[in-house]
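Shown next, in structure tokens, is the structure this report addresses.
Since every read-out is calculated from the coordinates, none of them should be taken as a lab result. Predicted model only: the values in this text are computed from it and were never measured. In this analysis, Cβ positions are derived from the backbone assuming ideal geometry, glycine residues included, and neighbour counts consider all displayed protein chains.
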């Protein structure tokens, strides 16, 4: 059924409104992320002043393990997904994206679910064989379980979990 000019005009008006709202929300998110980064930098500065060895000393009492709400703040999406799925039941792509955001993953992606989907299907499934899809939910394969077991032993992973800046994204 072809669109009438009136219906087309209505759809276009609604579309413009939704795009405007999206842009406004994105600005709010960006401002919040910028403020969060400022607060985090202040915290890092204070930690360094309290204990200059906090960044290099994993046993520092001033540098405790990351809060669960910031658990993946300094980790690649792939590593965060591996760790998340190793600790949970299988999840849908949207559930994974939501859990990563809740655990501190920062993104500028307009649609983070699409980003997570690409990492899962291209990098983790096709390239590394670390995940598989069953009943529309992602779960780790044996290869994925082995990968996260190894990754968890690395200094970069431990640094990311502590929230130090020694981690390089992969």
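Distance between Cα centroids, segment 1-24 to segment 86-111: provide it in whole Å.
When both Cα centres are located, 30 Å separates them.
Would you work out the relative contact order for segment 94-170, in percent, from Cα pairs under 8 angstrom that are 6 or more residues apart?
It rounds to 14 percent for segment 94-170.
Relative contact order of the chain: what whole-number percent is it, with Cα pairs under 8 angstrom and at least 6 residues apart?
24 percent
Can you give the angle from 0 to 90° between the axis of helix 142-151 and the longest principal axis of the chain, with both taken from C-alpha atoms, to the nearest 10?
Result, in degrees: 50.
Out of every Cα-Cα pair in segment 1-54, what percent are more than 18 Å apart?
That tail contains 62 percent of the Cα-Cα pairs.
Can you work out the FRET efficiency for the pair residue 40 and residue 14, with r the C-beta to C-beta distance and R0 = 41 Å, to the nearest 0.05?
Efficiency at R0 = 41 Å is approximately 0.60.
What is the log10 of I(q)/I(0) for the chain, computed with the Debye formula using one identical point scatterer on each Cα and no solvent, at q = 0.14 Å⁻¹?
-0.84
Given axes a ≥ b ≥ c from the Cα gyration tensor, I'd like to know whether segment 68-162 is rounded (a/c under 1.5), prolate (a/b larger than b/c) or oblate.
oblate
Round to the nearest 10 and give me the degree value, 0 to 90, for the angle of helix 93-102's Cα axis relative to the longest principal axis of the chain.
50 degrees
For the Cα atoms of the chain, what angle does the longest principal axis make with the long axis of helix 5-50, in degrees from 0 to 90, nearest 10?
Rounded to the nearest ten degrees, it is 10.
So if each residue of separation counts as 0.36 nm, and I subtract the Cα-Cα distance between residue 51 and residue 113, what length gain in nm does that give?
Extending this stretch completely gives an extra 18.5 nm.
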